[in-house]
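Below: one structure, written as structure tokens.
The values are calculated or read from the model by the stated rules, or taken from the named source; none is laboratory data. Quick caveat, the model's predicted, so the values are computed rather than measured. All Cβ positions, glycine included, derive from the backbone under ideal geometry; neighbour counts span all protein chains shown. For the accessible areas, the whole protein counts, side chains as well, though only heavy atoms, and no ligand, DNA or RNA atoms are used. Shrake-Rupley method; radii C 1.70, N 1.55, O 1.52, S 1.80 Å.
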Protein chains: 2
Amino acid sequence: MHQTLSPFDISRIRGLAPAQERAGAEKESPCGACSVRHLTFCAPLGEEELNHVTRIVQNVELHPGDPLFDEGEEATNIYSVTAGAMKVYKLLPDGRRQIIGFLFSGDFLGLADDEVYAYSAEAIIHSTLCRFPRRKLEALLERYPRMERRLLGMASHELAAAQEQMLLLGRKTAREKIASFLLLLGQRAAQRGQTANPVSVPMSRNDIGDYLGLTTETVSRTFTQLRQGKLIALLPAGRVDLLDVEALREIAEGN
Amino acid sequence: MHQTLSPFDISRIRGLAPAQERAGAEKESPCGACSVRHLTFCAPLGEEELNHVTRIVQNVELHPGDPLFDEGEEATNIYSVTAGAMKVYKLLPDGRRQIIGFLFSGDFLGLADDEVYAYSAEAIIHSTLCRFPRRKLEALLERYPRMERRLLGMASHELAAAQEQMLLLGRKTAREKIASFLLLLGQRAAQRGQTANPVSVPMSRNDIGDYLGLTTETVSRTFTQLRQGKLIALLPAGRVDLLDVEALREIAEGN
DNA sequence: GCGACCGTTTGACGTAGGTCAAGGCCGGCG
DNA sequence: CGCCGGCCTTGACCTACGTCAAACGGTCGC
């Protein structure tokens, strides 16, 4: 089930690493403080409170294909991605897989309304995360209720994204799905301060398929179809040049 | 775009009304207090606080096909369904529709992370709702931060449901989708204290299709296929008897 | 530097579910 | 009371996408 390290992914890591290391270096701590600051963005804490929060976090480092946790496991931690890319997915007993989302630096995962994780999480490329023990986080929430507002905002945001994805999965064609996906990746990269146009696509065709409700082959075929239509260009190291963003947007919206 | 009152729906309203009127009568207020109590369930407020919250709510009454709000409209209110059934959906420009969810008494809608609603909402059957002006609710959250935990819990719960729905939309067959849907309706009815086995299905085949990423025809065909396999029986007034829940569960999980 | 492995691409073909069209059913209204 | 307009059902047919299979190409280990 676990993907082994692939040459293709390695090349992508090299391609991505500089920008992300730089992003990480701008924060003074290797891990905690930046995530904590992120978590409390909308509700700045005092210095003492910040230290209190920072103290409970730990670093996690994952290589491509490494699992972080599995669906059904006891949800003991919440994580924040500080660098790299993760995928979270659900499985059916016969192995069919639906990727629920891809996570990049700044994203959180592990928020469960139950006592167990509702999905599995795995690294796509070399990634570092920040671990918050759930128990301790809950105690902190009790103490600093403003953090709850921040979590609520993140959950609402994720919910809206999930609803948009439902529209995609239920009602869009393969072509529309791929166009939407590429634009989404670009948009999210821009939010992270990365380059949005030659967009970095670090995940495999298979992963893309499992995210969009398609097969590897259909994803591949649709990419070549868009390439032949001069809408995109496939660059080395898993980058995709969006040659005609406006046309892609038209396609993505179903026109 | 708005559905007009259909005879079929009328019959269902009559079927549903008694139970729901009773449920409403158990609370002392026609509207506010029960919703407020619901909202603060995990963080009980004192009498004075409760009154404070109750004061800001208003009743809304909708008939089948009545819109509550549209996607893109300024999100000025948050609602709680006190009786009836609503559908919330997103549209593509060409009219393709994805129903994001069905809401029953006790459910909330209108939580938007943006300033505008991310979806449209419409009544399926005669429904009553409780309106919370968003501005005032935000002021209350500032004052009673425990309510935020409740909202966070609801958002997390919805998120988990949305993720389950993504798995359904992306990876399940028509048969599996319908089986999952019927079981879900039953489960949700049970949570509301209604009968879970002859489950009430107040929405049209078309709505079910738009919820499951299918067409009316496929929904209909799949129902008859399940009926012929003695897994369900179609009762009058839009009720469905789940004759073999265990088999349905097997199908829903993809076995 | 060569072979093997994986992911990707491409092709030929199959099928689940969509489309189009025609009846059937039922409640409401004239 | 009988027509009318929804929705639902069923049938015949079509197609987008899945399946199966083969070839390709980059990377890494040897």
In order through segment B:168-178: 3J(HN,Hα) via Karplus (6.51 cos²θ - 1.76 cosθ + 1.60), integer Hz, x for Gly, Pro
4, 5, x, 10, 9, 7, 3, 4, 5, 4, 5
Points 7 angstrom from Cα along the Cβ direction at B:LEU234 and A:ARG143: gap in nanometres?
6.0 nm
Which residues of segment B:167-209 show a drop of at least 30 Å² in accessible area when all protein chains are present, compared with their chain alone (probe radius 1.4 Å, heavy atoms only, ligands and nucleic acids excluded)?
B:LEU167, B:LEU169, B:GLY170, B:ARG171
Kirkwood calc, segment A:172-252, C-alpha pairs only, radius in angstrom 12.4 Å
For segment B:172-252, with all protein chains present and a 1.4 Å probe, just round the carbon and sulfur fraction of the accessible area to a whole percent.
50 percent
Percent breakdown of C-alpha pair distances by 5 Å bin, ordered from the shortest bin, for segment A:61-198
2, 9, 15, 21, 22, 17, 9, 4, 1, 0
Can you list, shortest first and in nm, the gaps between the label point of A:LYS136 and those of its counterparts in the other copies, using a point 7 Å from Cα in the C-beta direction?
4.3
Could you tell me which of the pairs A:LYS90/B:LYS172; A:LYS172/B:LYS90; A:LYS90/B:LYS230; B:LYS90/B:LYS136 are separated by over 23 angstrom between their Cα atoms in the structure shown?
A:LYS90/B:LYS230; B:LYS90/B:LYS136
Mean other chain Cβ within 10 Å across B:140-152 is 4
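Checking an interface number: how much accessible area is buried between B and A, summed over both chains, with a 1.4 Å probe, in Å² rounded to 100?
Values: alone 13510 and 13490 Å², together 22910 Å².
Accessible area lost upon association: around 4100 Å².
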Show me, for segment B:129-140, the HN-Hα J-couplings you get by feeding each phi into the Karplus relation (A = 6.51, B = -1.76, C = 1.60, θ = phi - 60°), rounded to Hz, glycine and proline as x.
10, 10, 9, 10, x, 4, 3, 5, 5, 5, 4, 5
For A:ALA83, distant residues with modelled amide H under 5 Å away
A:THR128
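What FRET efficiency do you get for A:THR216 and B:THR76 if R0 is 51 Å and r is their Cβ-Cβ distance, rounded to the nearest 0.05?
0.65
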Would you please give the residues with an amide H less than 5 Å from that of A:LEU68, counting only those at least 5 places away or on a separate chain, with H modeled from the backbone geometry?
A:ALA121, A:GLU122, A:ALA123
Cβ-vector label at 7 Å, B:GLU217, separations to other copies in nm:
2.5
Determine the distance separating the Cα centre of segment A:179-255 from the Cα centre of segment B:61-108; give it in Å without decimals.
32 Å
So the label point sits 7 Å from Cα along the Cα-to-Cβ vector; using that for B:GLN187, what distances do you get to the other copies, in nanometres, sorted shortest first?
2.9
